Amino acid sequence: MKITDIEVIKLRQKEDIEAIGDSTQDAVIIKVHTDEGITGLGEVASSPYVVDALINAPSSKFLCTGLKSICIGRDPLENEPLWADMYKQSSWFGLRGGAIQAMSGIDMALWDIKGKALGLPVYKLLGGSFKKKIRAYASVLFPDTEAEIAAMVKCYAAQGFTAIKFGWGKFGNVPEEDIGLVRAAREAAGNAVDIMVDAGACYRDLHMAIHQARELEKYDVYWLEEPFPPDDLLALAKLSQATDIRIATGERLSTRYQFRDLIERGKVDVIQPDVGRVGGISEFRKVAFISQMFEIPCVPHAWSSDILLAATLHINASIPNGGIFQEFCLSGRPLRKDLVREPLQLQDGCLVVPEKAGLGIELNEDTVDKYRIL
Ligand code: MG
């Protein structure tokens, strides 16, 4: 089998792009075509325009090559040597960030092709599943008021969720109001629901962050996510060592090398790689196995369509230190919910790992036609 083309599908919900602000207003889907008629699907959690450029850039110099021209003619089942070649030949503009994010979508599609070719779900190719269903946490933005957050907690608990993460929004503006929101969430949840807080890298001052983290501990917050930018390893380490609350981060990072630094120097308690940024399924596995050696749980980040979520479920189910939670974005936008023909199943607050061959999902071409941009 040979790769014949890589298609970058840019999608954008034009009508209210300014109003949404939750980053589900655009998406970038990767289709890898082969000479045997099997097509693999992937998704990148990044800028559609940047990903398009990184994949379709004409060859410039040996170490400065667009990803598509590296892949054409290669065997899609040989994903590890292809990953290594993409990593090397894009290294002048790559090694981190956008290039690795674009590689993530291609790698995801290669695993989809492999599963379809062999008639097996991806999790079986990865060694099998420790779990068939994974506890989902409802992932939403912070509202403005305590009354709103209390109502949200009750609403999601009634839907069967046993864990809820609030992030971004107004969090980080007024310290006392932040604690008030979390207190109201805990009071509405009782002890039946885990509450997580995503600070969205809002802190500028280590002492303020330590004070706020100690306040959050009083409300039994399961983890404090991204208190600082993920590059600020010293601040993460000092906060982690000064408090008992779990410190979680990693959604913006890529490759085993950044995660090794995050674990060794950042001293975080939970890592959160995103399969659409870390380097795809192939690199995610390596990151997860490294974190397992350090006794660090791996809880994947996922804030996009069911294509990315399906890939995440396969890997989350198959890694020994996974399966704890699966992030589930509750945005109602069409590019979050309507990009696959049959949405992933949510049963009793748990997401079901797909059983069909490959990633186990089918692209909804009607949604693609409606939102495709050039
Ligand atoms: Mg986050």
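With all projection directions averaged, the alpha carbon convex hull of the stretch 80-197 covers 11.1 nm². Across the stretch 74-150, the mean sequence separation of Cα contacts (distance under 8 Å, 6 or more residues apart), normalised by length, yields a relative contact order of 24 percent. Comparing 41, 359, 118 in a Gaussian network model of the chain, where Cα atoms under 10 Å apart are tied by springs, the biggest mean-square fluctuation is seen for 118. Neighbours of residue 304, meaning other residues whose beta-carbon lies under 13 angstrom from its beta-carbon, give a summed charge of -4 when Lys and Arg score +1 and Asp and Glu score -1. Once backbone amide H atoms are built at 1.01 Å from N, residue 225 has 197, 198, 199, 248 as its partners under 5 Å, excluding neighbours fewer than 5 places away on the same chain.
Over all other residues within a Cβ to Cβ distance under 13 Å of residue 316, the charged ones net out to +3, with Lys and Arg as +1 and Asp and Glu as -1.
In summary, the aspartates and glutamates within cross-link reach of residue 14, defined as a Cα separation below 15 angstrom excluding same-chain residues under 8 places away, comprise 22, 26, 369.
Among residues other than residue 144 with Cβ under 13 Å from its Cβ, the summed charge is -3 (Lys and Arg +1, Asp and Glu -1).
For the chain, the longest principal axis of the C-alpha atoms and the axis of helix 206-217 are separated by about 80°. With all projection directions averaged, the alpha carbon convex hull of the stretch 203-292 covers 5.4 nm². Once the convex hull of all Cα atoms in the stretch 3-120 is built, its volume per residue stands at 110 Å³. Calculated FRET efficiency, residue 7 to residue 342, Cβ-Cβ distance, R0 = 30 Å: about 0.85 to the nearest 0.05. Here the relative contact order of the chain, from alpha carbon pairs under 8 Å that lie six or more residues apart, stands at 20 percent. Taking the stretch 315-347 and a reference point 7 angstrom along Cα→Cβ of residue 366, the backbone N atoms nearer than 20 Å belong to 332-345. Amide H contacts of residue 362 (H built 1.01 Å from N, in plane; Pro and chain starts excluded): 341, 342 sit under 5 Å, all sequence-distant by 5 or more or on other chains.
For residue 260 and residue 84, the difference between the fully extended length at 0.36 nm per residue and the C-alpha to C-alpha distance is 61.5 nm. Working from label points 7 Å from Cα in the Cα-to-Cβ sense, the residue 294 to residue 352 distance is 3.6 nm.
Over all projection directions, the Cα-based convex hull of the chain averages an area of 17.4 nm². Once C-alpha pairs closer than 8 Å and six or more residues apart are averaged by separation and normalised to the residue number of the stretch 3-120, the relative contact order reads 29 percent.
The stretch between residue 145 and residue 187, if pulled fully straight at 0.36 nm per residue, gains 13.7 nm over its current Cα-Cα span. Sparsely packed loop sites in the stretch 276-374 (the trypsin sites (Lys or Arg not before Pro) outside DSSP H, G, I, E and B with at most 16 other Cβ atoms within 10 Å) comprise 341, 356. Given their separation in residues at 0.36 nm each and the Cα-Cα distance between them, residue 241 and residue 56 gain 62.1 nm when the chain is fully extended. For the listed residue pairs 31/356; 31/114; 31/131; 31/286, the alpha carbons are over 21 angstrom apart in 31/131; 31/286.
Quick note: the coordinates plus some simple rules give every number you see, no bench work behind them. Note that this is a predicted model, so its numbers are computed, not measured. Positions of Cβ are backbone-derived with ideal geometry, glycine not excepted, and every protein chain shown enters the neighbour counts.
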